[in-house]
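The numbers here are math on the coordinates, done by the rules we state, and not lab data. These figures come from a predicted structure and were not determined experimentally. Glycine also receives a Cβ, built like all others from the backbone with ideal geometry; neighbour counts cover every protein chain displayed.
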Amino acid sequence: MKPCLLLAWSAALLALLAAGCGQSDSGRPGREAPIAGRRSDPPASLKAEWKAGSRYLMHLQSQQSATLNFGPRPAAQETDISQQYALLVTNGPDGSRGIELEIQALAVEMNMGEQNVYRFDSLNKVTPHQGPGVEMLQRVIGGRIWFQLAADNTISKVEGIEQLVEQAQGDAGAGAPDQRRGWMGGVLQRIYNADYFKQMVDLRGLPPTPVRIGDTWRWERDIDVGLVGRILVVATNTFRGWQEKNGRKCARIDSQGVLGMKTGKAEGLLGFMGLKVENGRLAGKTWFDPAAGLPVETVMEQSCVIAGSAPAGARRGNPASNAPPRQISAPWRQTVTLTIEDVQPGAAPPPPR
């Protein structure tokens with residue numbers, strides 16, 4: 001249940017376009033197993049736990065579509081983002097957990113109409129990469145982040161983000177022929193903040209007490225999406241019943257909610273555009289395996305309109321232009337699928353650098 005995880009990447013690529021940038025099948029629809037159970041069944045305890053001594057292989061997939069209305073004519077944008085990462089869990093004092101996250105693979109592809117404008121795939125050594133800052137994305141692979149979680153799954157510490165950003169940036173912007181490389185360095189610095197990575201290990205979206213089929217509970221998060229500002233997410237979760245998923249008997253949880261900007265306007269790197277997130281909606285499904293203590297898969301549908309205006313000279317690097325601002329309106333949809341692909345025994349991770 002991580003509804004805003006990829007909004008940061010969507011905003012980042014939208015920013016690059018506005019500035020002048022001229023593996024898993026789980027997200028595909030298919031026949032589901034029947035949902036079993038009755039309201040009269042005994043209540044179920046849906047308690048989440050990262051199990052110490054385990055290494056979880058995770059796959060995060062996003063398919064995004066938007067209609068961009070800030071040019072001479074509307075343009076259809078399609079973006080696919082795929083990320084593979086591993087989580088290695090160790091014991092800590094008083095029931096706490098330590099988690100090391102390693103980024104193993106990343107792929108980003110964007111098409112505007114029939115034209116490919118951005119392409120990066122860390123696992124593809126044949127097809128050339130294309131777009132500003134792709135070399136920075138390559139340096140992200142192998143990066144590590146460390147977390148400390150209390151016994152109640154509250155995240156008390158995150159380390160390694162500054163080192164990861166420095167590793168990715170390298171000498172970006174120093175004499176670079178394409179000034180957008182320097183822009184991309186700033187983009188990565190905004191995307192890779194603590195809230196972005198916390199969502200990858202946060203298990204606090206489950207009910208605090210046992211629930212019966214049909215019970216609901218409220219889920220609310222205030223998330224820093226670096227390029228846009230703080231996003232407030234409010235959702236209602238419903239325990240639908242029991243359903244088989246990936247060979248496991250899982251509790252099926254459905255989510256319905258809204259998302260919007262906490263301050264009402266964009267902040268940070270995109271603040272000059274005066275962006276707003278309007279009519280934000282989300283709907284999702286989660287399959288939680290009580291035996292594993294984790295959701296084995298989450299599929300989240302999101303939609304909104306990213307709207308605002310930018311100085312007319314921003315595209316040409318002329319902020320002093322007297323021309324009226326360019327209006328931006330981008331109806332946007334996204335499907336995010338997060339899957340646990342495998343669980344392995346793990347060795348102790350190296351200490352934080």
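What distance in nm separates the two pseudo spin-label positions at residue 57 and residue 209, each 7 Å out from Cα along the beta-carbon direction?
With each label placed 7 Å out from Cα toward Cβ, I get 4.1 nm.
Just name one of 84, 112, 122: the one whose Cα is farthest towards the positive end of the charge dipole of the stretch 74-123 (beta-carbon charges, Lys/Arg +1, Asp/Glu -1).
Of 84, 112, 122, it is 84.
Can you pull the one-decimal nm distance between simple spin-label points at residue 47 and residue 162, each 7 Å off the Cα toward Cβ?
Taking the simple label geometry, residue 47 and residue 162 are separated by 3.8 nm.
Out of the stretch 34-86, which trypsin sites (Lys or Arg not before Pro) are coil in DSSP terms and have no more than 10 other C-beta atoms within 10 Å?
38, 39
Need one number: nm distance between label points at residue 218 and residue 154, each 7 Å from Cα along Cα→Cβ, rounded to one decimal.
1.9
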